[in-house]
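First the structure, which I've put down as structure tokens, then a few questions once you've had a look.
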Amino acid sequence: MSTEEKSLNFIEQIIEEDLKNGLPNNKLRFRFPPEPNGYLHVGHASAICLNFGLGLDYSAPVNLRFDDTNPSKEEQEYVDAIKRDVQWLGFQWDRECYASDYFQQLYDWAVLLIEKGKAYVDSQSSEDMAQQKGTPTQPGTNSPFRDRSVAENLDLFTRMKSGEFPKGTHVLRAKIDMTSSNMLMRDPIIYRIMHEHHHRTGNDWCIYPMYDWAHGESDYLEQISHSLCTLEFLPHRELYDWFLDQIYDDTLVRPKQREFARRNLSHTIVSKRKLLQLVDENHVTGWDDPRMSTISGMRRRGYPPMAIRNFANTIGIAKRTNLIDVSLLEFCVREELNKTTDRVMAVLNPVKLVITNYPEGQDEWLDAENNPEAEVLSYRKVPFTRELYIEREDFKEEADKKFFRLTLGTEVRLKNAYIIKGESVVKDVHGNITEIYCTYDADSKSGSGTEASMRKVKGTIHWVSTQHALEAEVRVYDRLFTHENPDGDKDIDFKTYINPNSLQVITGYMEPSLKNASAGTAYQFQRLGYFCVDPDSTSEKLVFNKTVGLRDTWAKIENKE
């Protein structure tokens with residue numbers, strides 16, 4: 001990577017310094033290490049883009065490693081979802097690895113620690129261990145089992161592995177320093193007893209390694225050069241290095257843990273535990289609900305993968321945690337979709353428009369441009385008839401000079417079609433307009449090349465033919481949370497801020513070109529926003545999700561750095 005091409009973030013500066021100090025370029029290796037206990041969210045997307053982005057920049061391999069050390073919360077479903085999300089974002093890993101691949105080696109190293117007198121089996125209750133561990137301002141005290149003999153520790157640990165003891169009776173702890181200022185260094189637990197079925201190893205193991213033990217040693221086994229973690233793991237770095245010290249061979253690459261700050265998103269929750277709550281308590285329809293901050297939810301909503309990657313690149317890497325306005329993500333989505341989506345016509349709040357001087361029974365198929373941003377322009381046909389649907393908001397009986405849509409006595413152009421003039425309305429008994437009558441200028445067809453077709457009118461509105469319109473279910477989404485930082489106050493349940501109006505389901509009418517639209521395909525509904533075909537859609541029933549509006553209606557994008 002050329003350092004002159006762009007300014008380097010602090011992670012890249014660390015890597016460049018290591019290369020200058022003798023680390024061979026071909027020894028660079030990164031990893032993305034998710035725990036398969038839930039679906040990935042937008043925070044993981046940033047970490048994915050960081051690690052795989054470094055792999056691309058430095059032509060270095062990147063491992064996908066599942067931290068599957070807690071079988072009580074992990075499932076194959078989550079493994080499959082994580083792999084799907086990483087690939088959907090456009091990345092491919094070099095090796096697919098699992099912490100469970102290393103269970104035997106981790107166990108053997110734990111035995112080695114016992115033999116060196118650096119680990120012991122503790123038989124205290126969890127409550128007693130918590131009490132004797134002390135506080136950040138008060139040193140801990142040694143466990144009464146800390147000075148067990150090597151032989152006794154080996155015997156107990158072997159019997160723990162064989163399943164002889166029930167859960168909670170024993171743990172294996174590292175023997176470090178109960179007076180350390182770093183609470184994590186006060187004889188941390190390495191192994192605990194769990195009689196749980198593992199999704200990969202079945203019932204082979206009754207003890208499972210703790211994350212801090214498995215993490216660094218797995219990095220070492222895979223020869224990861226730079227192990228990048230979020231900032232909450234900074235206090236863990238001392239323990240990471242202590243564990244590596246016990247087994248490190250200086251002929252191999254020693255992994256280096258470095259930390260970057262989480263980039264939290266406004267109006268969003270990014271805790272897998274809390275996202276699971278939303279799913280389990282039916283506040284949403286599942287992990288892929290388009291209101292969720294999960295990658296699968298964003299995919300279902302219609303966010304393109306490149307928009308998420310651009311968002312991650314835009315917010316960059318920081319050393320301190322901050323809150324990013326979700327409007328910036330929506331801006332990136334809008335920018336990408338503007339380049340890639342076809343423009344189509346749909347009416348979501350319809351009122352009937354009758355062109356009184358258009359021949360009854362006649363229809364004509366007009367040319368409509370698909371995407372003016374495309375390198376090669378293409379067109380489709382849309383049917384035009386005497387009776388149309390237009391948006392109710394596009395008509396007023398009387399309006400001021402700033403209203404450039406249809407009114408009585410004024411002219412407006414129908415997109416891709418003719419200029420019409422409002423003449424009269426029909427109302428129901430409640431005074432609501434049910435039909436609008438107008439006349440059209442037969443010589444004003446858009447693109448016809450006649451002099452009349454070049455006439456300028458101030459407004460253009462979209463429409464669909466009532467005769468040809470496809471009825472569709474349209475799901476319109478709002479923020480899932482009303483509060484900018486729903487998880488900011490730990491004394492208030494984040495679910496207090498759930499927006500009761502986060503989903504509105506309406507019936508819309510689409511032009512017939514969408515009849516065979518496939519799930520996942522995104523469109524711009526002209527003048528309304530960007531929409532995506534939902535997987536629930538069938539040949540009998542079209543279903544669309546609103547992805548994002550044509551402009552930000554919440555707030556201006558602000559740089560909160």
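The values are calculated or read from the model by the stated rules, or taken from the named source; none is laboratory data. Since this is a predicted model, take the numbers as computed values, not measurements. With ideal geometry, Cβ positions are generated from the backbone for all residues, glycine too; neighbour counts draw on all protein chains shown. The accessibility values were calculated without ligands, DNA or RNA, using every heavy atom of the protein model including side chains. Shrake-Rupley method; radii C 1.70, N 1.55, O 1.52, S 1.80 Å.
With the structure loaded, tell me whether Gly202 is closer than 19 Å to Ser100 by Cβ and either surrounded by fewer than 19 Cβ atoms within 10 Å (Cβ to Cβ) or touching a Cys at 6+ places or on another chain (Cβ under 7 Å) (or both) or whether it fails that test.
In short, yes.
Residues are listed down the side, and each one gets a yes or a no for (1) touching a helix residue (DSSP H, G or I) at 6+ places or on another chain (Cβ under 6 Å); (2) at pLDDT below 95:
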{"site": "Thr230", "(1), (2)": "no, yes"}
{"site": "Leu239", "(1), (2)": "yes, no"}
{"site": "Leu244", "(1), (2)": "yes, no"}
{"site": "Ile247", "(1), (2)": "yes, no"}
{"site": "Val253", "(1), (2)": "yes, no"}
{"site": "Lys256", "(1), (2)": "no, no"}
{"site": "Glu259", "(1), (2)": "yes, no"}
{"site": "Leu265", "(1), (2)": "yes, yes"}
{"site": "Arg273", "(1), (2)": "no, yes"}
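Residues are listed down the side, and each one gets a yes or a no for (1) under 22 Å from the mean Cα position of the chain (by Cα); (2) open to solvent by less than 60 Å² (accessible area, probe 1.4 Å); (3) within 22 Å of Thr466 (Cβ to Cβ):
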| position | (1), (2), (3) |
| --- | --- |
| Tyr477 | yes, yes, no |
| Gly508 | no, yes, yes |
| Glu511 | no, yes, yes |
| Leu514 | no, yes, yes |
| Ala519 | yes, no, no |
| Tyr523 | yes, yes, yes |
| Arg527 | no, no, yes |
| Val533 | yes, yes, no |
| Val543 | yes, yes, yes |
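Also: For the structure I just gave you, tell me whether Tyr379 is aromatic (Phe, Trp, Tyr) and under 12 Å from Arg343 (Cβ atoms).
So Tyr379 fits the description; yes.
Follow-up. Would you point out which residue out of Arg309, Arg291, Arg343 is modelled with pLDDT of 95 or more, within 11 Å of the chain's Cα centre (by Cα) and closer than 29 Å to Glu369 by Cβ?
Answer to the selection: Arg309.
Quick one: which residue in Asp18, Asp57 is open to solvent by less than 40 Å² (accessible area, probe 1.4 Å), modelled with pLDDT of 95 or more and of a type in the set (Asp, Glu)?
One residue alone meets the criteria, Asp18.
Give Tyr208, Tyr220, Tyr191 a once-over and let me know the one that is among the hydroxyl-bearing types (Ser, Thr, Tyr) and in contact with a Ser or Thr (Cβ under 7 Å, 6 or more places away or on another chain). I'd like the intermediate steps shown before the answer.
On the way: Tyr220 fails: in contact with a Ser or Thr (Cβ under 7 Å, 6 or more places away or on another chain); Tyr191 fails: in contact with a Ser or Thr (Cβ under 7 Å, 6 or more places away or on another chain).
Exactly one of Tyr208, Tyr220, Tyr191 is among the hydroxyl-bearing types (Ser, Thr, Tyr) and in contact with a Ser or Thr (Cβ under 7 Å, 6 or more places away or on another chain), namely Tyr208.
If you don't mind, another one. On the given criteria, is Ala81 within 23 Å of Pro235 (Cβ to Cβ) and either open to solvent by 30 Å² or more (accessible area, probe 1.4 Å) or not β-branched (Val, Ile, Thr) (or both)? Working first, answer last.
On the way: within 23 Å of Pro235 (Cβ to Cβ): no; either open to solvent by 30 Å² or more (accessible area, probe 1.4 Å) or not β-branched (Val, Ile, Thr) (or both): yes.
It is false that Ala81 is within 23 Å of Pro235 (Cβ to Cβ) and either open to solvent by 30 Å² or more (accessible area, probe 1.4 Å) or not β-branched (Val, Ile, Thr) (or both).
Inside the stretch 489-506, can you point out the residues that are under 20 Å from the mean Cα position of the chain (by Cα) and in a loop (DSSP other than H, G, I, E, B)?
Asn499, Ser502
How about the stretch 367-419: which strands (runs of 3 or more DSSP E) wholly inside it have at least 1 residues that are open to solvent by 90 Å² or more (accessible area, probe 1.4 Å)?
By residue number, 379-385.
Could you say which residue among Lys339, Lys319 is open to solvent by 10 Å² or more (accessible area, probe 1.4 Å), among the charged types (D, E, K, R) and more than 28 Å from Phe10 (Cα to Cα)?
One residue alone meets the criteria, Lys339.
Let me ask you something else. Only one of these conditions is not met by His462: (1) surrounded by 20 or more Cβ atoms within 10 Å (Cβ to Cβ); (2) at pLDDT below 95. Which number is it?
Every listed condition holds for His462 apart from (2).
Quick test of your reading of the structure: Ser218 fulfils all but one of (1) open to solvent by less than 50 Å² (accessible area, probe 1.4 Å); (2) within 25 Å of Ser180 (Cα to Cα); (3) part of a helix (DSSP H, G or I). Name the failing condition by number.
Tallying (1) open to solvent by less than 50 Å² (accessible area, probe 1.4 Å); (2) within 25 Å of Ser180 (Cα to Cα); (3) part of a helix (DSSP H, G or I), Ser218 fails exactly one: (2).
So, in the stretch 491-531, of the ones that are touching a residue at least 24 places away in the same chain (Cβ under 8 Å) and among the hydroxyl-bearing types (Ser, Thr, Tyr), which residue ends up farthest from Arg479 (Cα to Cα)?
Ser513
So, one more: Just one of the numbered conditions (1) touching a Ser or Thr at 6+ places or on another chain (Cβ under 7 Å); (2) closer than 17 Å to Ala119 by Cβ is not true of Glu196; which one?
All conditions pass for Glu196, except number (2).
Any idea how many residues of the stretch 97-131 are in contact (Cβ under 8 Å) with a residue 40 or more places away in the chain and over 26 Å from Glu217 (Cα atoms)?
The number of residues fulfilling the criteria is 1.
In the stretch 250-274, what residues are touching a residue at least 24 places away in the same chain (Cβ under 8 Å), farther than 12 Å from Ile224 by Cα and assigned to a loop (DSSP other than H, G, I, E, B)?
Ala261, Arg262, Ser266, His267, Thr268, Ile269, Val270, Ser271
Can you list residue pairs whose Cβ atoms sit under 9 Å apart, with the first residue in the stretch 151-176 being on the phi > 0 side of the Ramachandran plot and the second being of a type outside the set (S, T, N, Q) and exposed (fewer than 13 other Cβ atoms within 10 Å of the Cβ)? Count only pairs 6 or more apart in sequence or on different chains.
Between residues of the stretch 151-176 that are on the phi > 0 side of the Ramachandran plot and residues that are of a type outside the set (S, T, N, Q) and exposed (fewer than 13 other Cβ atoms within 10 Å of the Cβ), there is no close pair.
Now for a different question. I'd like the residue in the stretch 110-153 that is of a type in the set (A, V, I, L, M) and more than 44 Å from the chain's Cα centre (by Cα) and, out of all such residues, is nearest to Leu172 (Cα to Cα). Can you show your working first?
Here is the first cut: in the stretch 110-153, the ones of a type in the set (A, V, I, L, M) are 110-114, 119, 121, 129-130, 150-151.
From what's left, more than 44 Å from the chain's Cα centre (by Cα): 150-151.
On the way: Val150: 12, Ala151: 14 Å.
Only one residue tops the list, namely Val150.
Could you pull out the residue among Glu397, Glu391 that is acidic (Asp, Glu), over 26 Å from Met510 (Cβ atoms) and in contact (Cβ under 8 Å) with a residue 24 or more places away in the chain?
Result of the check over Glu397, Glu391: Glu397.
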